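> This is the structure I have questions about; it appears just below.
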Amino acid sequence: MMAGMRAVVQRVDGARVVVDGETVGEIVGEGLCVLVGVTHDDTAEKAAQLARKLWSVRILQGEKSCSDTDAPLLVISQFTLYGDARKGRRPTWNAAAPGPVAEPLVDEVVDRLRALGAQVETGRFGADMKVSLTNDGPFTVLVEV
C-alpha cells in the first residue's frame, strides 16, 4: 500500500511565501514550515490525521509542540514531494494527485489545523511561490499518514 499524505516539516525561526512580489503568507518567530504533498488515494480523514499530527508533534524547542506553545504554521502545497527520480534524469510526477484532488485536501489540512486552534498561514495553490525561511536547528522531519 502506498503511503498517504506526506509533509516535510521544518522547525523555523520565521518563514514567508511570496507570489509575484507579494507576501501571501508569513510567520514570525518559532513555528513550523510545512510542505504538504497529496497522492491519488488521499482522503479528508488523512488530511485530518495529518493536521492532528502537525499540531501535536513535539519538535519545537524544549520538545514542545505547536499546541503547547501556540506556535504558528506556514502550510504550503508541494506536489513535488511525490516526484520520482529513480529512473533517468527527469523526475516523474505520476504519484502526485492532480490539482482538483490535491487543492481541497491541502485546504482541509489548513481548516482542521485552524479548528484545533492553530494560527496558520498559507501559500497559494498552483502559484510560482518563493519560500524563504530560517531553519532552526536545522530541524527537518518527514511525516506520512
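Bear in mind that the values in this text are calculations on the coordinates, not laboratory data. Computed from a predicted model, the values in this text were never measured in an experiment. Don't worry about glycine lacking a Cβ; one is built from the backbone with ideal geometry, like all the others, and counts go over all protein chains shown.
> Condition test on D68, is it in contact (Cβ under 8 Å) with a residue 12 or more places away in the chain and either charged (D, E, K, R) or buried (at least 24 other Cβ atoms within 10 Å of the Cβ) (or both)? Before the answer, list the steps.
Values: in contact (Cβ under 8 Å) with a residue 12 or more places away in the chain: no; either charged (D, E, K, R) or buried (at least 24 other Cβ atoms within 10 Å of the Cβ) (or both): yes.
So D68 fails the test.
> Report, by residue number, each residue of the stretch 10-38 that is closer than 15 Å to E144 by Cβ and surrounded by fewer than 22 Cβ atoms within 10 Å (Cβ to Cβ). Spell out the reasoning first.
The initial filter retains those residues of the stretch 10-38 that are closer than 15 Å to E144 by Cβ, namely 34-38.
Matches in the stretch 10-38: L35 only.
> Ok, one more. Which of the residues spanning the stretch 42-67 are under 18 Å from V120 (Cα atoms) and part of a loop (DSSP other than H, G, I, E, B)?
Hits for the stretch 42-67 are V57, R58, I59, S65.
> Filter the stretch 11-30 down to residues that are without any contact (Cβ under 8 Å) to a residue 60 or more places away in the chain, assigned to a strand (DSSP E or B) and not charged (D, E, K, R), then give me how many there are.
Going through the stretch 11-30 one residue at a time, the tally reaches 3.
> Still on this structure, please answer the following. Counting just the residues of the stretch 86-145 that are part of a strand (DSSP E or B) and of a type in the set (G, A, S), which one comes out surrounded by the fewest Cβ atoms within 10 Å (Cβ to Cβ)? Write out each step before concluding.
Of the stretch 86-145, the ones part of a strand (DSSP E or B) are 92, 96, 120-122, 129-144.
Now restrict to residues that are of a type in the set (G, A, S): 96, 132, 137.
Details: A96: 21, S132: 13, G137: 11.
Among them, the one singled out is G137.
> Listed residues V38, V34, V57, V8; which is aliphatic (A, V, I, L, M), touching a residue at least 12 places away in the same chain (Cβ under 8 Å) and farther than 21 Å from A115 by Cα? Before the answer, list the steps.
Numbers: V38 fails: farther than 21 Å from A115 by Cα; V34 fails: farther than 21 Å from A115 by Cα; V57 fails: farther than 21 Å from A115 by Cα.
Matching residue, one of V38, V34, V57, V8: V8.
> Scan the stretch 102-130 for residues that are aliphatic (A, V, I, L, M) and within 12 Å of the chain's Cα centre (by Cα) and report the count. Break it down into steps so the answer makes sense when it comes.
Narrowing the stretch 102-130 to residues aliphatic (A, V, I, L, M): 102, 105-106, 109-110, 113, 115-116, 118, 120, 127, 129.
So of that shortlist, the ones also within 12 Å of the chain's Cα centre (by Cα) come out as 105-106, 109-110, 113, 120.
Qualifying residue count, the stretch 102-130: 6.
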